[in-house]
Amino acid sequence: IVLGVIGGIAGSSGSSSAEPLSQEVLAYTSTIQRYASQYGISEYVPSIQAIMMQESGGTGTDPMNSSRSVYNTLYPSISNGIEDPEYSISCGVKEFADCLSTAAVQNRADAERLYLAIQGYNYGTEYITWALNNFSGYSKYNAQMYSDQKKNELNLSIYGDPEYVDHV
């Protein structure tokens, strides 16, 4: 599966190391598949698993870390606010489906747009629109720039993970 994820997000510079999916992430495979099918993104299950691995390793009650998702209407919008893993997965998969759509990803081989969608999962779909409008897509440079702008705008010391794509 890890090789499928790496192949699915294709052509990385080789600067990141692959980490195998945890047993906790693998235990959620059927739930991820069900929601991916429901939201029309079945071919992206390996990417969703990799996102979950980065977000939580599959542990806790909010394994997709989707508490701040617009789709979370039941729990507090704070980090790990969701108390139901299945609800977290539903919100997270729907959020990722929005990211794929906003980034206009054609398929898993569309690496540049897929990177944009993955970074958008971390920053929100506003980043995707901003990156397309200002840079025609994702780059490590603009991911860092966006984080820096948001830190200044919101008076934060940290905003997201500018290296999220590599980490996923």
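Listed by position, the helices (runs of 4 or more DSSP H) enclosed by region 51-167 that each have at least 2 residues that are closer than 27 Å to Leu26 by Cα are 85-102, 111-123, 164-167. Restricting Ala50, Ala36 to those that are open to solvent by less than 30 Å² (accessible area, probe 1.4 Å) and over 21 Å from Glu163 (Cα atoms) reduces the list to Ala36. Is it fair to say Arg68 is within 18 Å of Tyr138 (Cβ to Cβ), surrounded by fewer than 22 Cβ atoms within 10 Å (Cβ to Cβ) and modelled with pLDDT under 95? Taking the combined requirement at face value, the residue does not satisfy it.
Remark: pairs (first residue in region 141-156, loosely packed, with under 14 Cβ neighbours inside 10 Å; second residue of a type in the set (D, E, K, R) and part of a helix (DSSP H, G or I); Cβ separation under 8 Å; 6+ apart in sequence or on different chains) = Leu156/Lys150. Comparison of Gly120, Gly137 shows that the only residue that is surrounded by fewer than 17 Cβ atoms within 10 Å (Cβ to Cβ), closer than 25 Å to Ser42 by Cβ, touching a residue at least 12 places away in the same chain (Cβ under 8 Å) and under 17 Å from the mean Cα position of the chain (by Cα) is Gly137. Here Gly92 fits the description: within 16 Å of Asp161 (Cβ to Cβ) and touching a residue at least 12 places away in the same chain (Cβ under 8 Å). Within the span defined as region 75-87, every residue fails to be modelled with pLDDT of 95 or more, crowded, with 23+ Cβ neighbours inside 10 Å and touching a Pro at 6+ places or on another chain (Cβ under 7 Å).
The values are calculated or read from the model by the stated rules, or taken from the named source; none is laboratory data. Everything numeric in this text was worked out from a predicted model, so none of it was measured. Cβ sites come from the backbone with ideal geometry, for glycine too, and all protein chains shown count toward neighbours. Please note that ligands, DNA and RNA were not included when accessible areas were found on the heavy atoms of the full protein model with its side chains. Shrake-Rupley method; radii C 1.70, N 1.55, O 1.52, S 1.80 Å.
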